[in-house]
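All of the numbers you see were taken from the coordinates with simple rules; none came from a lab. Being a predicted model, the structure only gives us computed values, none of them experimental. Please note: Cβ atoms are built from the backbone with ideal geometry, for glycine as well, and neighbour counts cover all protein chains shown.
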Amino acid sequence: MTTTADVAVFIDWQNTYKSAREAFGWWDYPNEYGNYSPLAAARLFTRGNGRLEGGRLVRVNVHRGLPSQKFDKRGYAANRKQAAAWMAEDPELVVPRLRPLRYSREEPPREKGVDVELAVAAVEFVLTGRCDVAVIFSHDTDLVPAVELQLRGTTCVETAAWSSATFNRRLRTKPPVHHHAVSAVDFERIERRINYAHA
């Protein structure tokens with residue numbers, strides 16, 4: 001039986017990009033390995049969990065860190081090109097949410113607040129009725145409380161993660177929620193092997 005639902009997808013970009021390289025054995029491959037289309041991934045999830053054509057995608061939020069134009073001009077430019085490419089696929093649905101990276105003298109640049117922003121956005125969409133189902137695509141266990149907060153005895157939240165014979169890291173919640181396990185075959189359908197630093 002096909003179910004109907006408005007679906008919003010919230011993607012932890014850097015987490016899913018790096019995890020794809022780990023899951024599918026691409027650590028030593030060029031940087032373009034692991035890149036994928038957020039819109040294509042979201043459409044995959046929208047059809048999942050028995051929805052098929054009954055799912056309607058209403059938003060794709062892509063959360064990630066943004067390099068500093070001052071300290072990393074090349075990284076900044078590549079990031080902006082990639083965000084523009086994501087939006088070009090469907091500017092009505094795909095919304096890049098870019099937060100400046102935190103820089104310090106003691107450690108490499110790192111993301112700060114990206115997971116919190118993603119969690120808040122997902123909770124907001126569910127609580128305000130902007131979607132029936134929020135799919136959180138991440139392997140970051142810090143997001144588990146956000147998933148559990150939304151449960152409320154309903155099926156309004158789902159999780160997604162890469163899956164391979166050597167990789168099974170995902171958000172595990174109590175009680176369990178529907179999970180989209182994305183295989184290497186699935187990845188081939190959504191892959192965009194582009195190095196935006198050279199594009």
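Would you mind telling me the antiparallel percentage of the DSSP bridges in the chain, rounded to 5? Kindly include the intermediate steps, with their values, before the conclusion.
Numbers: 3 of 31 bridges.
The answer is about 10 percent antiparallel.
If you average 1/r over all unlike Cα pairs in the chain and invert the result, what Kirkwood radius do you get in angstrom?
Values: mean 1/r = 0.0581 Å⁻¹.
With all distinct Cα pairs of the chain included, I get 17.2 Å.
Listed by chain and number, the lysines whose C-alpha is less than 28 Å from the C-alpha of Lys73, apart from same-chain residues fewer than 8 away, are Lys18, Lys81, Lys112. Segment 1-70 to segment 72-91: how many Å between their Cα centroids? Answer, in whole Å: 16. Across the chain, the mean sequence separation of Cα contacts (distance under 8 Å, 6 or more residues apart), normalised by length, yields a relative contact order of 28 percent.
Around the amide H of Leu66, modelled in the peptide plane, lie the amide H atoms of Arg99, Leu101, all under 5 Å away and 5 or more residues distant in sequence or on another chain.
Test of understanding: ordering Asp90, Asp12 by Cβ neighbours within 10 Å, fewest first, what list do you get?
The order, fewest Cβ neighbours first, is Asp90, Asp12.
Between the listed residues Val126, Ala84, Thr16, the Cα displaced farthest toward the positive end of the dipole of segment 5-190, a dipole computed from Cβ unit charges relative to the Cα centre, is found at Ala84.
Dipole magnitude of the chain about its Cα centre, charges +1 at Lys/Arg Cβ and -1 at Asp/Glu Cβ only, in debye to the nearest 20?
Values: 28 positive and 24 negative charges, 79 e Å.
In debye, rounded to 20, the chain gives about 380.
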